[in-house]
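The values are calculated or read from the model by the stated rules, or taken from the named source; none is laboratory data. Model, not experiment: these values are computed from the prediction. In this analysis, Cβ positions are derived from the backbone assuming ideal geometry, glycine residues included, and neighbour counts consider all displayed protein chains. These accessible areas exclude ligands, DNA and RNA; they are computed on the full protein's heavy atoms, side chains included. Shrake-Rupley method; radii C 1.70, N 1.55, O 1.52, S 1.80 Å.
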Amino acid sequence: MQQRIIQREYLSSYMDGQDVDREFVETLTHSSELQQKWASYHTIRSVMQGDEIILGADFSAQMEALLENEEIKSQNTAEKPKGLLLKLKRWSTPILQAGIAASVCLVAVIGVNSMNSSEDIAQTQQPVLQTFPFSNSVEAVRYTALVQEQPTTEQLEIQQRKINALLENHELQRRTNNLQNTLPEEKQKAQTSTSSN
């Protein structure tokens, strides 16, 4: 037994290109068992390296022998339930399936209801639509204004003055920005015209 292990180690070393003693080479040439190992080791190496393998003539004979020696396991080894167990299984399976379906539905309903309730809380905390008029007070938007909430002529005049002041301020800023942008361009034009003269 020990000698076979040593011979296999020598064979593996010899395949890897390492030097082995002459005595092992002589044993390899005369031993059919070592020659078969040699061939199978080369096949294994070729498979691991991804090389193309040409199977020998004895491959089909070896596979046939392996298939003949294979034990066939019977599928009928499990005992079938009898009597009361069979009856329980027949009517308990649909009940279990219905129970599972009902529990999934319950989880779905609870999940949807909990999500809807959290959204309802968020909606009640913030009004849906608000406006910010010039007076900086928050007022709800309505389609019709109540009589008591209609602005007076004084309030309308004040609001119109504020709008006019904002428009005048905007126009003034626009003009000053245009002047600042045009002045450097006019200076450059003036410099180019004086330098060309």
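Details
- Rolling a 1.4 Å probe over the protein heavy atoms leaves K162 with an accessible area of roughly 100 Å².
- Length added when fully stretched, S92-E23, from 0.36 nm per residue minus Cα-Cα: 17.4 nm
- Note on surface exposure: M48, M63 rank M48, M63 by accessible area, highest first, 1.4 Å probe.
- For region 88-101, Karplus couplings with θ = phi - 60° (6.51, -1.76, 1.60), whole Hz, Gly/Pro x: 5, 5, 5, 9, 7, 4, x, 5, 5, 5, 5, x, 5, 4
- Full-stretch length increase - T192, C105 - with 0.36 nm per residue and alpha-carbon distance subtracted: 23.0 nm
- Here the gap between H30 and L166, fully extended at 0.36 nm per residue and compared with their Cα-Cα distance, gives a gain of 37.8 nm.
- Computed P(r) (all Cα pairs; region 1-54; 10 Å bins; percent): 22, 53, 22, 2
- Accessible-area order (highest first, 1.4 angstrom probe) of the listed residues S114, S46: S114, S46
- Taken about its Cα centre, region 1-54 carries a charge dipole of roughly 180 debye when the Cβ of each Lys and Arg holds +1 and the Cβ of each Asp and Glu holds -1.
- A simple rule links phi to the HN-Hα coupling: the Karplus curve 6.51 cos²θ - 1.76 cosθ + 1.60 with θ = phi - 60°, which for region 162-169 gives 5, 5, 5, 5, 5, 5, 5, 4 Hz, with x for Gly and Pro.
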